[in-house]
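Read through the structure below, which is laid out as structure tokens, and then see the notes.
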Amino acid sequence: LRQVGVVVAVSAAVVAFAAYRVWQAFAGPPAIWNDSLDYPVSKVWAGSRPPLVPALLGFAGTATRFVVIEVVVAIAAWTLLALVVARLMPLRWRAVAAVLVLAYGCTTAVVRWDRSILSESLAMSVLALLLAAVLAAGHGSLSWWNVVALVAAGALFASVKDAHVWMVWLLAIVVAIDTVVRSRGVKGVVAALGLALCAGAFLGGSMSAHRADEPIAHAYFVRVFPYPDRVQWFADHGMPNADQVNEYARATVTPRGEAPVVGIDSHDGLVQPLIRWLARDGERVYLQWLAQHPWIALTEPFVTPERAFNFAQGDIGMYSAPGRTELGPLDRLIFPPAVLMVAIAAFALTGGLRSDLRRQGWWWLLVAFGGIGVVHMLLAWHADGMETTRHAVVANAQARLCVVILAAAALAELSSPPARVSSAEPVGTLSHGFLRRHAGTRTKRDRREELARPEGPPRPGDLEGASVRSGSRKWGD
């Protein structure tokens, strides 16, 4: 009966989730932005934009049909993630976990993009697909279906935004480490190599199209050129026209409360060597500067005023299409301020490390995926000097989503009541039912000792020191 109740509750949550996403997606006409105009004219491979959105927009033919694809993919992806997360939880927590994931998929940070002809809606959905594939691969034995799903989801994630390529590479490293630690054999190796190869292929397309040139130039405009000491460092590392850059900086008027932005006129004949250097060496030397100044790399996003431009001073609400109905209380509950989110993350990690969760492979992969989300935020911010808030929304959602699931897992573990020993059995003996229920949580040494033990009833004291938390036996039932 309890399982039937879980199925009913999860099914009702999926229906409500799908209804809300469809309602919001078609509450008005599709939203067209400046970037939206680039996708129809971009080549699918090595074009001005990463390939997934141009390919789907070409397939759809119209903006309305593209929105239909966005919302169908969103419903499927978040439903799949909810089911995977629920499967990892103890039975009494499965409905709660599924509802929590679907509720996260209804927050304004996720849903506001569904009517926009941009990459963010698909990026959020593919993020959910990738996390579902990671968790499924980390739970139990690794199958070839897990490998195919993980590599396919990684390829889709890398095809949405250029910054995702580096995250897929980091995920490949995590999968490789997991393969070694858990002895996952050929399948684990194939999964790690598949992710790395997909990331490399999409990076090649980006480099062929020189998609990083303009975003890196934006970063120079707002984080290098306004500051003479930084200009001097780059001049010492090969950047030409340092004097002309400083002249541009002196002539720049900065509005109060904003960071200075020193743009360079690409038609100025005096700075043509600089224009060519930015296209040829700008990205490499910028990365070298960040690597040699790690404190700047970590703290620069928190400088006030933010060193960015054309980002509505961090107000991402400008991208919300008119006519939307936002779920304010849900946003405040599941998408709280960053300080509170850090506290929740600390609780979730502490609870997991102090419980049997630390023995679950999927838990460690979830922690790693959340850590990749933090790196993703830093990379997305540093990779462009313009529209930084929008560029970091997927990374922010990635880290927060992992924290929400980790917190749910910690609460489920902490709320599991201790197992009871039947009064009909002498204390210090193991019943056959206990052995069946806890065989999956006993160590290899315990099982070897049991196999070597002569036939007969277990000896007194076998329960001594054993963990009998009911949560231990329910993870991944």
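The values are calculated or read from the model by the stated rules, or taken from the named source; none is laboratory data. This structure is a prediction, so every number in the text was calculated from the model and none was measured. Cβ: placed from backbone, ideal geometry, glycine included. Neighbour counts: every protein chain shown. Protein only, heavy atoms only, side chains kept; ligands, DNA and RNA dropped before computing areas. Shrake-Rupley method; radii C 1.70, N 1.55, O 1.52, S 1.80 Å.
So which residues in region 266-295 are part of a helix (DSSP H, G or I) and of a type in the set (D, E, K, R)? Across region 266-295, the qualifying residues are 276, 280, 281, 283, 284. Against the criterion of being assigned to a helix (DSSP H, G or I), closer than 30 Å to residue 210 by Cα and of a type outside the set (S, T, N, Q), residue 380 qualifies.
If only one of 340, 357 is in a helix (DSSP H, G or I), surrounded by 12 or more Cβ atoms within 10 Å (Cβ to Cβ) and more than 16 Å from the chain's Cα centre (by Cα), which one is it?
357 is the lone residue from the list that is in a helix (DSSP H, G or I), surrounded by 12 or more Cβ atoms within 10 Å (Cβ to Cβ) and more than 16 Å from the chain's Cα centre (by Cα).
In the set 192, 212, 201, only one residue is among the aliphatic types (A, V, I, L, M) and under 28 Å from residue 309 (Cβ atoms); that residue is 212. Restricting attention to region 128-144, the residues that are closer than 29 Å to residue 106 by Cα and either modelled with pLDDT of 95 or more or surrounded by 22 or more Cβ atoms within 10 Å (Cβ to Cβ) (or both) total 11. Somewhere in region 302-318, is a residue more than 30 Å from residue 29 (Cα to Cα), aromatic (Phe, Trp, Tyr) and in a helix (DSSP H, G or I)? Yes.
If the condition is being open to solvent by less than 30 Å² (accessible area, probe 1.4 Å) and either small (Gly, Ala, Ser) or part of a helix (DSSP H, G or I) (or both), then region 236-248 contributes 242, 245. For residues that are in contact (Cβ under 8 Å) with a residue 40 or more places away in the chain and hydroxyl-bearing (Ser, Thr, Tyr), scanning just region 4-45, find the one that is nearest to residue 117 (Cα to Cα). My answer is 36.
Cβ-Cβ distances below 6 Å connect the following pairs, each with a first residue in region 208-224 that is within 19 Å of residue 240 (Cβ to Cβ), a second residue that is among the hydrophobic types (A, V, I, L, M, F, W, C) and surrounded by fewer than 18 Cβ atoms within 10 Å (Cβ to Cβ), and a separation of six or more residues or different chains: 213/279.
Only one of the numbered conditions (1) closer than 21 Å to residue 34 by Cβ; (2) surrounded by 17 or more Cβ atoms within 10 Å (Cβ to Cβ) is violated by residue 258, and that is (2). Being open to solvent by less than 20 Å² (accessible area, probe 1.4 Å) and either closer than 26 Å to residue 317 by Cβ or in contact with a Phe, Trp or Tyr (Cβ under 7 Å, 6 or more places away or on another chain) (or both) is the requirement here; does residue 86 meet it? For residue 86, the condition - open to solvent by less than 20 Å² (accessible area, probe 1.4 Å) and either closer than 26 Å to residue 317 by Cβ or in contact with a Phe, Trp or Tyr (Cβ under 7 Å, 6 or more places away or on another chain) (or both) - is not met. None of 378, 365 is more than 30 Å from residue 28 (Cα to Cα) and buried (at least 20 other Cβ atoms within 10 Å of the Cβ) except 365.
State which residue is modelled with the lowest pLDDT when the search covers only region 319-335 and only residues that are surrounded by 14 or more Cβ atoms within 10 Å (Cβ to Cβ) and part of a loop (DSSP other than H, G, I, E, B). Per the criteria, the residue is 321.
Of all residues in region 220-231, one or more are acidic (Asp, Glu), out of contact with any strand residue (DSSP E or B) (no Cβ under 7 Å at 6 or more places or on another chain) and at pLDDT 95 or above. Going by the structure shown, is residue 231 touching a residue at least 24 places away in the same chain (Cβ under 8 Å) and part of a helix (DSSP H, G or I)? Against the criterion (touching a residue at least 24 places away in the same chain (Cβ under 8 Å) and part of a helix (DSSP H, G or I)), residue 231 does not qualify.
Any chance region 180-189 includes a residue that's within 19 Å of the chain's Cα centre (by Cα), surrounded by 19 or more Cβ atoms within 10 Å (Cβ to Cβ) and on the phi < 0 side of the Ramachandran plot? Scanning region 180-189, I find no residue that is within 19 Å of the chain's Cα centre (by Cα), surrounded by 19 or more Cβ atoms within 10 Å (Cβ to Cβ) and on the phi < 0 side of the Ramachandran plot, so the answer is no. Checking every residue in region 29-37 against the condition of being open to solvent by 40 Å² or more (accessible area, probe 1.4 Å), aliphatic (A, V, I, L, M) and part of a helix (DSSP H, G or I) gives at least one match. Among the residues of region 8-28, those identified as in contact with a Lys or Arg (Cβ under 8 Å, 6 or more places away or on another chain) and surrounded by fewer than 16 Cβ atoms within 10 Å (Cβ to Cβ) are 27, 28.
Counting only residues that are in contact with a Pro (Cβ under 7 Å, 6 or more places away or on another chain) and surrounded by fewer than 21 Cβ atoms within 10 Å (Cβ to Cβ), how many does region 89-116 have?
Of the residues in region 89-116, the ones in contact with a Pro (Cβ under 7 Å, 6 or more places away or on another chain) are 115.
After this cut, where a residue has to be surrounded by fewer than 21 Cβ atoms within 10 Å (Cβ to Cβ) as well, the list is none.
Qualifying residue count for the region: 0.
The set of residues in region 268-303 that are more than 20 Å from residue 163 (Cα to Cα), more than 28 Å from the chain's Cα centre (by Cα) and open to solvent by 80 Å² or more (accessible area, probe 1.4 Å) comprises 270, 276.
Residues in region 38-69 that are open to solvent by 30 Å² or more (accessible area, probe 1.4 Å) and within 29 Å of residue 19 (Cβ to Cβ): 55, 56, 59, 61, 62, 63, 64, 65, 68, 69.
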